[in-house]
Amino acid sequence: MAKKENWIAPSILSADFAQLGTDVKDVIAAGADVVHFDVMDNHYVPNLTIGPLVCESLKNFMVKEDVKAPIDVHLMVKPVDRLIGDFASAGADIITFHPEASEHIDRSLQLIKAEGCQAGLVFNPGTSLSYLEHVMDKIDMILIMSVNPGFGGQAFIPQALEKLKAARKMIDESGRDIRLEIDGGVKVENIAEVAAAGCDTFVSGSGIFGKANASDANRYDTVIQQMRDELAKA
């Protein structure tokens with residue numbers, strides 16, 4: 001099965017929350033494809049971020065401003081089932097979660113699909129891909145963490161490339177329409193190598209938002225074009 005079109009997914013964890021709507025509008029206008037929305041609960045991971053109300057506000061802003069991009073909600077919370085409906089109602093298009101955060105992975109995936117969202121599993125650096133073996137029929141997205149979850153701005157863990165290759169093999173052998181995403185330490189300098197390992201969806205927080213000049217109306221154009229240029233080499 002051929003690899004899908006590349007998506008660049010800026011993580012709003014690194015955006016300016018005082019002007020979140022504007023940052024999202026500008027980064028999508030600059031050529032990004034997906035809004036990556038990181039949810040942390042200070043329980044499953046040692047940090048606390050944002051919840052369904054922020055997601056709903058952002059979705060309403062995007063509709064009002066005619067910003068067309070899916071919201072990809074990455075739930076780093078435990079237990080996960082309680083929040084699935086809340087984020088679906090708040091405007092999530094894709095919801096991914098960690099298998100360790102669910103008592104019944106198949107049921108959690110079914111909950112997401114029943115809400116009309118795409119569903120996915122997220123794999124930490126030390127988590128086996130074996131969780132996928134019996135649920136590939138309910139998966140739209142596989143997200144490989146190339147850092148340990150909890151904080152933005154961490155360095156890329158090279159072993160993630162081998163896990164990407166293994167996940168790509170599973171997707172190809174399944175013949176299913178599944179995206180392969182990576183999150184953590186992705187930047188212009190390594191995005192081609194990540195793509196060559198089979199990835200098609202690239203989450204980048206500080207690699208995009210951290211490169212911008214806040215006073216420049218076109219502040220994200222350069223870094224996103226540089227990423228596209230590197231992806232064209234992969």
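Might you check whether a residue that is closer than 25 Å to G205 by Cβ, touching a strand residue (DSSP E or B) at 6+ places or on another chain (Cβ under 8 Å) and polar (S, T, N, Q) occurs anywhere in the stretch 141-152? Taking every residue of the stretch 141-152 in turn, at least one turns out to be closer than 25 Å to G205 by Cβ, touching a strand residue (DSSP E or B) at 6+ places or on another chain (Cβ under 8 Å) and polar (S, T, N, Q). Close Cβ contacts (under 8 Å, 6 or more residues apart or on different chains) running from residues in the stretch 44-68 that are surrounded by fewer than 15 Cβ atoms within 10 Å (Cβ to Cβ) to residues that are in a helix (DSSP H, G or I) comprise E65/G21; E65/K25; K68/I28; K68/M62.
In this structure, is R219 basic (K, R) and part of a loop (DSSP other than H, G, I, E, B)? In short, yes.
Is one or more of the residues making up the stretch 130-144 among the charged types (D, E, K, R), touching a Lys or Arg at 6+ places or on another chain (Cβ under 7 Å) and assigned to a loop (DSSP other than H, G, I, E, B)? Yes, some residue in the stretch 130-144 is among the charged types (D, E, K, R), touching a Lys or Arg at 6+ places or on another chain (Cβ under 7 Å) and assigned to a loop (DSSP other than H, G, I, E, B).
Could you pull out the residue among A217, A197 that is modelled with pLDDT under 95 and surrounded by fewer than 22 Cβ atoms within 10 Å (Cβ to Cβ)?
A217
Taken over the stretch 1-28, the residue count meeting the criterion of being exposed (fewer than 15 other Cβ atoms within 10 Å of the Cβ) and not charged (D, E, K, R) is 6. Would a scan of the stretch 72-86 turn up a residue that is under 28 Å from V194 (Cβ atoms), of a type in the set (G, A, S) and out of contact with any strand residue (DSSP E or B) (no Cβ under 6 Å at 6 or more places or on another chain)? The answer is no, given that none of the residues of the stretch 72-86 is under 28 Å from V194 (Cβ atoms), of a type in the set (G, A, S) and out of contact with any strand residue (DSSP E or B) (no Cβ under 6 Å at 6 or more places or on another chain).
The values are calculated or read from the model by the stated rules, or taken from the named source; none is laboratory data. In this text the structure is predicted, and so the values were computed from the model without any measurement. For neighbour counting, all protein chains shown are included, and Cβ atoms are generated from backbone atoms with ideal geometry for every residue, glycine included.
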